[in-house]
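For reference, the structure discussed in these notes is given below.
The values are calculated or read from the model by the stated rules, or taken from the named source; none is laboratory data. Quick caveat, the model's predicted, so the values are computed rather than measured. With ideal geometry, Cβ positions are generated from the backbone for all residues, glycine too; neighbour counts draw on all protein chains shown. Surface accessibility is based on the protein's heavy atoms, side chains included, excluding ligands, DNA and RNA. Shrake-Rupley method; radii C 1.70, N 1.55, O 1.52, S 1.80 Å.
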Amino acid sequence: RHTFRTPKDDVTVTDDTRLRAIVPTTKFLLDQGANVILCSHFGRPKGEIIETGKNGRLNPVVPHLAKLLSTEVTKVDDCIGDEVEAVASSLDKGQVLLLENTRFYAGETKNDEKLAEGLGKLADYFVMDAFGTAHRAHSSTAGVAAHMKLSAAGYLLDKELKFLKGAVDAPNRPLCAIVGGAKVSTKIPVIESLIEKCDTILLGGGMIFTFYKALGYDIGASLVEDDIVELAGELMKKAEKMGVNLVLPSDVVLADSFSNDANIAVASVDEISGDWMGLDIGPDTLETFAKEIEKSNTIVFNGPMGVFEMENFAKGTVTVAELMAKATERGATTIVGGGDSVAAVNQAGLGDKVSHISTGGGASLELLEGKELPGVAALTDS
């Protein structure tokens, strides 16, 4: 099981990052003389068969897969049933078969037993290498394992688990987490967990204004989650009680509208007012963050520091990415955990300058929270 959430138009793959990630496991199996059946979802077709587009068939990945694997890839237009079973059983050693988008079946996301059983009829062994969906108990990520002789993790999944679990469970200290993103509500569980494990936590992104409101600051027109303000205050108290250095930005980049063309000002966090909104962390904050990162031997980065999609508010995120790269050079373990932070690091051209870039957004968060991932729990105990 892989994850082919690969940007593509209707004809070609436009970014093959995720496809390249599956090569080590697949090539290893082929080299051992195995027949390999590749399985993945694509988009959210919600049980409908969609011919093309972001929720469509997997046809566009076939030529690219064949090139990456240096072998022919046969594709079928379903993922279970008599016809698929016939093709699977006719494979010779070292051949590759690609199944159709698993989410063409509505039962996939409900861990439907019939779908899991149908997938199980195609092979003897199951290799889970889709970290990006390992936090989902779906038919093709968890349920199918019960219908195989043996289920194991692939190289990609194994690497993700070693880096992310190792970073928080047995880090080379000091351990620093840099947590950003627009909403604190989506990051509460991970912040709570990190407070129990980290030496330092640096906060950025739109979430910081909920913390500022908890401290009694005027936040102007900045993003805030009023129902989370009290909890934000409790998180700060918890960090203080546990001796964790929870660092909020001291200054921010303000704009008078949510636009790259807006008027811009840099202000201390106690100087925000009126219609001004914070869209990035400021230069003084970046100096503080640089000092904290320099002190740390393990650094986890999850979530952008500002609206990095707009050039005028990308400096905070890009600078943090650059600081991560410098930390890697001096021997620190640096991990970029999923989603927008990965996009930001790649956008800055620094994807190969950090120790590990996670291929999973939600899965990365849940692992950092200390949760057990269904796609991992279903595997055969070693």
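Of the residues making up the range 79-87, none is modelled with pLDDT under 95 and either of a type in the set (Gly, Ala, Ser) or open to solvent by less than 70 Å² (accessible area, probe 1.4 Å) (or both).
Just to verify a result, which residue in the range 201-216, among those that are in a helix (DSSP H, G or I) and touching a Gly at 6+ places or on another chain (Cβ under 7 Å), is nearest to SER273 (Cα to Cα)?
Of everything passing the filter in the range 201-216, PHE209 is nearest to SER273 (Cα to Cα).
The conditions of being in a loop (DSSP other than H, G, I, E, B), of a type outside the set (A, V, I, L, M), at pLDDT 95 or above and farther than 30 Å from GLY118 by Cα are not met by GLY181.
So how many residues does the range 34-70 have that are of a type in the set (S, T, N, Q) and at pLDDT 90 or above?
Residues in the range 34-70 being of a type in the set (S, T, N, Q) and at pLDDT 90 or above: 4 in total.
Here's the yes/no breakdown for (1) over 22 Å from LEU286 (Cα atoms); (2) surrounded by 24 or more Cβ atoms within 10 Å (Cβ to Cβ); (3) hydrophobic (A, V, I, L, M, F, W, C):
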| residue | (1), (2), (3) |
| --- | --- |
| LYS162 | yes, no, no |
| VAL168 | yes, no, yes |
| ILE178 | no, yes, yes |
| SER185 | yes, no, no |
| CYS198 | no, yes, yes |
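A residue that is open to solvent by 20 Å² or more (accessible area, probe 1.4 Å) and assigned to a helix (DSSP H, G or I) occurs somewhere in the range 239-261. Counting only residues that are surrounded by fewer than 23 Cβ atoms within 10 Å (Cβ to Cβ) and touching a strand residue (DSSP E or B) at 6+ places or on another chain (Cβ under 9 Å), the range 123-136 holds 3 of them.
If you go through the range 137-150 and keep only what is surrounded by 20 or more Cβ atoms within 10 Å (Cβ to Cβ) and either within 17 Å of the chain's Cα centre (by Cα) or of a type outside the set (A, V, I, L, M) (or both), you end up with HIS138, SER139, SER140, THR141, GLY143. The number of residues in the range 218-228 that are open to solvent by 30 Å² or more (accessible area, probe 1.4 Å) and in a helix (DSSP H, G or I) comes to 2. Among the residues of the range 210-217, are any under 21 Å from VAL307 (Cα atoms), open to solvent by 10 Å² or more (accessible area, probe 1.4 Å) and modelled with pLDDT of 95 or more? Looking for residues that are under 21 Å from VAL307 (Cα atoms), open to solvent by 10 Å² or more (accessible area, probe 1.4 Å) and modelled with pLDDT of 95 or more, one finds at least one in the range 210-217, hence yes. Every condition in (1) of a type in the set (A, V, I, L, M, F, W, C); (2) under 30 Å from ASP227 (Cβ atoms); (3) modelled with pLDDT of 90 or more holds for PHE126 except the one numbered (2).
One line per residue, one yes/no per condition, for (1) more than 30 Å from ALA255 (Cβ to Cβ); (2) of a type in the set (Ser, Thr, Tyr):
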| position | (1), (2) |
| --- | --- |
| LYS315 | no, no |
| THR333 | yes, yes |
| GLY337 | no, no |
| ALA344 | no, no |
| LYS353 | no, no |
| HIS356 | yes, no |
| SER364 | no, yes |
| GLY370 | yes, no |
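With respect to ILE335, determine if the residue is open to solvent by 30 Å² or more (accessible area, probe 1.4 Å) and either within 22 Å of ALA153 (Cβ to Cβ) or in contact with a strand residue (DSSP E or B) (Cβ under 7 Å, 6 or more places away or on another chain) (or both). Taking the combined requirement at face value, the residue does not satisfy it.
Restricting the first member to the range 190-205 and to residues that are under 14 Å from ALA232 (Cα atoms) and without any contact (Cβ under 8 Å) to a residue 24 or more places away in the chain, and the second to residues that are open to solvent by 10 Å² or more (accessible area, probe 1.4 Å) and of a type in the set (Ser, Thr, Tyr), no beta-carbon pair is closer than 8 Å while six or more apart or on different chains. Tell me yes or no: at least one residue of the range 101-112 is touching a strand residue (DSSP E or B) at 6+ places or on another chain (Cβ under 9 Å), open to solvent by less than 60 Å² (accessible area, probe 1.4 Å) and either modelled with pLDDT of 95 or more or not β-branched (Val, Ile, Thr) (or both). No: the range 101-112 contains no residue that is touching a strand residue (DSSP E or B) at 6+ places or on another chain (Cβ under 9 Å), open to solvent by less than 60 Å² (accessible area, probe 1.4 Å) and either modelled with pLDDT of 95 or more or not β-branched (Val, Ile, Thr) (or both).
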